[in-house]
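The values are calculated or read from the model by the stated rules, or taken from the named source; none is laboratory data. Only a predicted model underlies this, so the values are computations on that prediction, with no experimental measurement involved. A quick note on method: Cβ atoms are made from the backbone with ideal geometry, for glycine too, and the neighbour counts reach across all protein chains shown. In case anyone asks, the SASA skips ligands and DNA or RNA and just uses the protein heavy atoms, side chains included. Shrake-Rupley method; radii C 1.70, N 1.55, O 1.52, S 1.80 Å.
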Amino acid sequence: AKSAKHIAFIMDGNRRWAKACGTASSMGHVAGYEKMKEVAFWVKEAQIPNAIIYALSTENWKRDPEEVAHLLSLFRLLITEFLAERAEGKHVGTRIRFVGDRAPFPEDLQNSMQGLEEVTAYETERTLAIAVSYGGRAEILTATQRLIKDGVQADDVTEERFAQALWTAGIPDPDLIIHTGGAQRLSNFLPWQSTYSELFFVKTYWPDF
């Protein structure tokens, strides 16, 4: 891991952790949010320049509206806390990117995401990408549509050009992908980018990772 340039995390198991603890699923997401902040600190301490965290999939929008609303409140909290801590001198060198389809998000949250990206755009030590409303197949389809709309001819479509049309453009492919919660799959996460990644499947639920 010391030589890794990019680590990806599939945060799985928040709701099952909450059920095992006899508490509401919302508390599982709160615990998962706190763990996400802790893991981001670990990545910084290990001097790994890139990390991406799978925070919300395209399929997650189909969950109970109350649960979705709670997840959105955690995204708002993330942005508010990061900006407040940044004003205190923390997170120096960290660039934040939100990777995915932002159209389903409320307008205020879309604006907040863009604002945080703009504030941190010139940080160069590390990039923390948060995959929101993300789906690997949707990303590939969107990239293909973008190239077609831009008038790119078939013979001019190279791997490099296609990668630049993806939501993750500019972020290197992950060296490691860690999936917590026991499932042994990629769950529609980074199918294009993961072809040479090392895969680690961990039984531990995300809040206990």
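Rg over Rh for the stretch 95-182 works out to 1.00, using Cα positions for both radii and the Kirkwood form for Rh.
When the convex hull of its Cα atoms is viewed from all sides, the stretch 1-99 shows a mean projected area of 7.1 nm².
Surface composition of the stretch 16-76: carbon and sulfur make up 58 percent of the accessible area, probe 1.4 Å. Note on the chain: helix-only mean residue ellipticity at 222 nm, from DSSP H runs of 4+ residues weighted -39500 (n - 2.57) and normalised by residue number, equals -13500 deg cm²/dmol. Could you check which residue among His179, His29, His70 shows the biggest mean-square fluctuation in a GNM of the chain with a 10 Å Cα cutoff? Comparing His179, His29, His70 in the GNM, the peak value goes to His70. Placing unit charges on each Cβ (+1 for Lys and Arg, -1 for Asp and Glu) gives the stretch 2-134 a dipole about its Cα centre, and among Gln47, Gly115, Leu72 the Cα reaching farthest toward its positive end belongs to Gln47. Amide hydrogen proximity for Thr127: with H placed 1.01 Å from N in the peptide plane, the residues at 5 or more positions away or on another chain lying under 5 Å are Asn50, Ala51, Arg95.
Placing dummy labels 7 Å off each Cα toward the beta-carbon, the span from Cys21 to Thr142 is 3.1 nm.
From the convex hull of the Cα coordinates of the chain, what is the mean projected area in square nanometres?
Approximately 12.2 nm², given one-decimal rounding.
Among Asn50, Asn188, Asn111, the largest mean-square fluctuation in a Gaussian network model of the chain, built with springs joining Cα atoms closer than 10 Å, belongs to Asn111.
Remark: the stretch 157-165, residue by residue, has Karplus-estimated 3J(HN,Hα) of 7, 9, 4, 5, 5, 5, 4, 6, 8 Hz, where x stands for each Gly or Pro and the curve is 6.51 cos²θ - 1.76 cosθ + 1.60 at θ = phi - 60°. Sequence-distant contacts, meaning Cα pairs under 8 Å at least 6 residues apart, place the relative contact order of the stretch 115-209 at 27 percent. Taking the stretch 151-187 and a reference point 7 angstrom along Cα→Cβ of Leu199, the backbone N atoms nearer than 18 Å belong to 173-187. Sequence-distant contacts, meaning Cα pairs under 8 Å at least 6 residues apart, place the relative contact order of the stretch 28-175 at 30 percent. In a fully extended conformation the segment linking Ala69 and Asp155 would gain 26.5 nm over its present Cα-Cα distance, using 0.36 nm per residue.
Once the 1.4 Å probe is applied to the protein heavy atoms, the chain comes out at 54 Å² accessible per residue. The order of Val92, Val43, Val30 by accessible area, most exposed first and with a 1.4 Å probe, is Val92, Val30, Val43. Shown for the stretch 1-117: lysine pairs separated by 8 or more places, or found on different chains, whose C-alpha atoms are under 27 Å apart, numbering 17.
Computed on the stretch 1-46, with alpha-carbon pairs under 8 angstrom and 6+ residues apart, the relative contact order is 29 percent.
Of Tyr54, Tyr134, Tyr196, the residue with the greatest mean-square motion in the GNM of the chain, using alpha carbon springs below 10 Å, is Tyr196. Annotation: amide H-H contacts under 5 Å for Ser57 (H modelled 1.01 Å from N, sequence separation of 5 or more, or interchain): Ser133, Tyr134.
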